[in-house]
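Below: the structure, in C-alpha cells.
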Amino acid sequence: MCGRFRLSRHGKEVAEEFAIEEDVEWTPRYNIAPSDQIPTVLQDPSKPVRHLALMRWGLIPFWAKDPAIGFKTINGMSETAASKPAFREAMRTRRCLIPSDGFFEWKKIGPKEKQPYNFGMTDDSIFAFAGLWDRWRDAAGKQILSCTILTTKPNSLVSDVHNRMPAILRPDDYDLWLDPGITDPARIVDLLAPYDAQLMKRYPVSTRVNSVKNDDQECAREIKLADAAPSGQQMLL
C-alpha cells in the first residue's frame, strides 16, 4: 500500500514537470497523509491540455452514502480496480497523475518496532503515481473531489519492506494514462507494472515521520543505520 508520501517541491517545479501552463499553488509537504488535500494532474477532455486540481486523498465514489468510505480507499489494487465498484467507473473515465518525489514504507524489525524508509528516484526527480478520482456531493449539494493511489506488486527494492508499492508511471506513459479517449482499462492496465528498481533508491529516515503532526524536512532526511547503505547509494537486494 501507500499510506504516506511527500511532494517537497514548489508549485512552479510541479507545473514545469507536468507541462501545466497555469500557475500551480503548492507549498512543499514532507509528510502527506490520508484525507489531506493533494495535487492531481488531469487532462481536459476536449483538448490535450493538463490542469492541476487539489483533491482529498481517499476516493469517495459518486454513489457513496457516507464520505467516510474514503478512509478505506486511499489505495486501489491495480489488478482489480477495473472490477471493484468503488473504482471501476473511475478506471474507465477519471484517471489522474498524483505528483510525488518520495513515499514512505515501514519495515518490521522487531515485535513492536518498525523502521521507516523513504523511496524515490535515484536522481531525486519528481515522478507520478497512477491515480483515479471521483466527484461526490452531499445532500446539500456540496462537492468533494477525491482520489486514490493505485498499487501494484513490489519491485526488488521494496519487496523486503512491503508486499505492495504504489504504481509509478513512466513519463512517456503520462499521455496514455490520461487520455480521455481510452475507456477500456485493458488498454492501459499494463502501465501499472512495478517500476524499474534500478531507477530508484531507498534510505532510512527517522520515526519522526510516524506522526502526521510532523511535516518538515526532517521527515525525509536520511539517517544512519548499522545495516544501511552509504549516503546517497542504493541498497542492493
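The values are calculated or read from the model by the stated rules, or taken from the named source; none is laboratory data. What you are looking at is a predicted structure, and each value in this text was computed from that prediction instead of being measured. FYI the Cβ positions are ideal-geometry reconstructions off the backbone, even for glycines, and counts take in every protein chain you see.
When you look at TRP136, is it more than 26 Å from GLN198 (Cβ to Cβ), out of contact with any Cys (no Cβ under 8 Å at 6 or more places or on another chain), of a type outside the set (D, E, K, R) and not in a loop (DSSP other than H, G, I, E, B), yes or no?
The answer is yes for TRP136.
Enumerate the pairs (first residue in region 39-54 and closer than 17 Å to SER146 by Cβ; second residue anywhere and in a loop (DSSP other than H, G, I, E, B)) with beta-carbon separation below 6 Å, excluding pairs fewer than 6 apart on the same chain, so at least 6 apart or on different chains.
PRO39/TRP26; VAL41/PHE18; LEU52/ILE20; LEU52/VAL24
What's the number of the only condition in (1) among the hydrophobic types (A, V, I, L, M, F, W, C); (2) within 12 Å of SER78 (Cα to Cα); (3) surrounded by 19 or more Cβ atoms within 10 Å (Cβ to Cβ) that LEU178 fails to meet?
The one condition LEU178 does not meet is (2).
Would it be correct to say that CYS219 is modelled with pLDDT of 95 or more, in contact with a Cys (Cβ under 9 Å, 6 or more places away or on another chain), buried (at least 16 other Cβ atoms within 10 Å of the Cβ) and not in a loop (DSSP other than H, G, I, E, B)?
No, not satisfied.
Can you find a residue in region 113-125 that is touching a Pro at 6+ places or on another chain (Cβ under 7 Å), without any contact (Cβ under 8 Å) to a residue 40 or more places away in the chain and surrounded by fewer than 22 Cβ atoms within 10 Å (Cβ to Cβ)?
No, region 113-125 has no match at all.
Being closer than 21 Å to GLY3 by Cβ and acidic (Asp, Glu) is true for just one of ASP173, ASP101, ASP123, ASP138. Which residue is that?
None of the others qualify; the one that does is ASP101.
Specify which of the listed residues (ILE109, ILE60) is modelled with pLDDT under 95 and either closer than 29 Å to ILE144 by Cβ or out of contact with any Asp or Glu (no Cβ under 9 Å at 6 or more places or on another chain) (or both).
From the options ILE109, ILE60, the qualifying one is ILE109.
Consider region 172-195. How many of its residues are farther than 20 Å from PHE104 by Cβ and touching a residue at least 40 places away in the same chain (Cβ under 8 Å)?
Residues in region 172-195 being farther than 20 Å from PHE104 by Cβ and touching a residue at least 40 places away in the same chain (Cβ under 8 Å): 15 in total.
Return yes when VAL205 is aliphatic (A, V, I, L, M) and either modelled with pLDDT under 95 or in contact with a strand residue (DSSP E or B) (Cβ under 6 Å, 6 or more places away or on another chain) (or both) and no when it is not.
yes
Any residue in region 81-102 that is surrounded by fewer than 21 Cβ atoms within 10 Å (Cβ to Cβ), at pLDDT 95 or above, within 18 Å of TYR195 (Cα to Cα) and among the aliphatic types (A, V, I, L, M)?
No: region 81-102 contains no residue that is surrounded by fewer than 21 Cβ atoms within 10 Å (Cβ to Cβ), at pLDDT 95 or above, within 18 Å of TYR195 (Cα to Cα) and among the aliphatic types (A, V, I, L, M).
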